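What follows is one structure encoded as structure tokens, with my remarks underneath.
The values are calculated or read from the model by the stated rules, or taken from the named source; none is laboratory data. This one's a predicted model, so the numbers in the text were calculated from it and none came from an experiment. Every residue, glycine among them, receives a Cβ derived from its backbone with ideal geometry; neighbour counts consider all protein chains shown.
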Amino acid sequence: MKKTKINEAHYILKGKMVEFCGWDLPVQYAGLNTEHMAVRTTGGIFDVSHMGEIWFRGREALPAVQYLISNDASKLQPGKIQYAGLLTENGCFVDDLLVYMMNENDFLLVVNAANLEKDFQWMKKHTARFAVQVENRSEEYSQIAIQGPVAEKLLQELTDCDLSAMAYYHFAMGRVQGLEAIVSRTGYTGEDGFEIYFRSDAATASKLFLDLAEKGEKYDALPAGLGARDTLRLEAKMALYGNDIDDSHSVLEADLAWILKLKKGQPFIGQEALARQKEEGIRRKLVGFELVDKGIARHGYPVFVQGKEFGAVTSGTFAPFLKKPIGLVYLPIENSNVGSEFQVGIREKMALAKVVETPFYKRNK
């Protein structure tokens, strides 16, 4: 298995390690529910160094990025970030990603670990005609996420960036414990928080993680693993590639129309298919649901609409903060309204479920 440069710190902190996308990563330390609740109420510290960093540099960096993504990168300014879809010709997902604008000729695209090589090859192939250099520099970077209500106070102790002046989905270049870093106000938990990208050796990366964990003690912030990261993002209805979004579901079907800019002034991959789908209307839609009957609807459990099977649960769990079973599923558009009922096959029984408003959880700002 591959190891992040922070790997040693996880063993020192007695993390329960698992294989994830070929990486040796902690699924939990103190426990999934404990870590989940810490992020909601105080703070959590995550190693997300397995994520991929792909750089676009050159005089046609912007048009190259624009051609690949669903959102409108021309709206970015240096120091701003966008969430976007990397799309197939059918308007479905190669991946979802973050786009960081460093300057007009320099962009950082952050992609999912499981898709890194696929994404990199896709990007190179489809931007070959542009005057741009596309580099996969993922092995150079470590990434730590500090999430939760105390994230700003905790990270401010280690960085020269003025975090109080940083807006959501903005970033700055600065130093974190003396290391040059990109510090962004982003996250995958539904809470306020930050993600830092830096280059260092393994000993320095592990020390930074351990120092954050130690300083976090006075704020009751905890190291947190993959388990809590997944339940937190689901409560906030943040899509997971491979579960809720993939290359067989479109941006519109995934209820992500807000990241689709059909009239951004430059053609992009998937544009024609999505324009046609928008005009004709979608036939299915990703919705959130709660179980009415007892049980937990997990990923892959079959779903039945009016007695007929219609796909499966894409994500599902017992939500630690909300204290109820929730999930995501694609339903026929006519059955996707809030209050609509359907059934989930849980083992040998059929459990009643109903569509609810999302996100399931929204933090107080």
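Points worth noting:
- Subset of region 122-146 (residues that are part of a loop (DSSP other than H, G, I, E, B) and over 19 Å from the mean Cα position of the chain (by Cα)): T127, A128, R129, F130, A131, V132, R137
- Some residue of region 198-214 being basic (K, R) and assigned to a helix (DSSP H, G or I): yes
- Test for Q147: is it in contact with a helix residue (DSSP H, G or I) (Cβ under 7 Å, 6 or more places away or on another chain), under 30 Å from V94 (Cα atoms) and polar (S, T, N, Q): yes
- Filter result for A167 (of a type in the set (G, A, S) and either at pLDDT below 95 or assigned by TED's automatic domain parsing to the domain that holds E191 (or both)): yes
- Screening region 93-121 for residues that are without any contact (Cβ under 8 Å) to a residue 40 or more places away in the chain and of a type outside the set (D, E) and picking the one that is nearest to E19 (Cα to Cα) gives K118.
- The set of residues in region 80-128 that are more than 21 Å from E60 (Cα to Cα) and of a type in the set (D, E) comprises E89, D95, D96, E117.
- Enumeration of residues in region 36-85 that are among the hydroxyl-bearing types (S, T, Y) and farther than 19 Å from E195 by Cβ: T41, Y67, S70, S74
- One residue stands out among those in region 35-85 that are closer than 22 Å to S138 by Cβ and either modelled with pLDDT under 95 or of a type in the set (V, I, T) (or both): the one that is surrounded by the most Cβ atoms within 10 Å (Cβ to Cβ), which is I45.
- Qualifying residue in region 147-166 (condition: closer than 15 Å to V99 by Cα, in contact (Cβ under 8 Å) with a residue 12 or more places away in the chain, in a strand (DSSP E or B) and not charged (D, E, K, R)): no
- Filter result for L116 (over 20 Å from the mean Cα position of the chain (by Cα), buried (at least 17 other Cβ atoms within 10 Å of the Cβ) and not in a strand (DSSP E or B)): no
- Where a residue in region 20-47 is assigned by TED's automatic domain parsing to the domain that holds D211 and closer than 17 Å to N364 by Cα and its partner, wherever it lies, is small (G, A, S) and assigned to a strand (DSSP E or B), with Cβ under 7 Å and at least six apart: A38/G44; A38/A221; T42/A221; G43/A221
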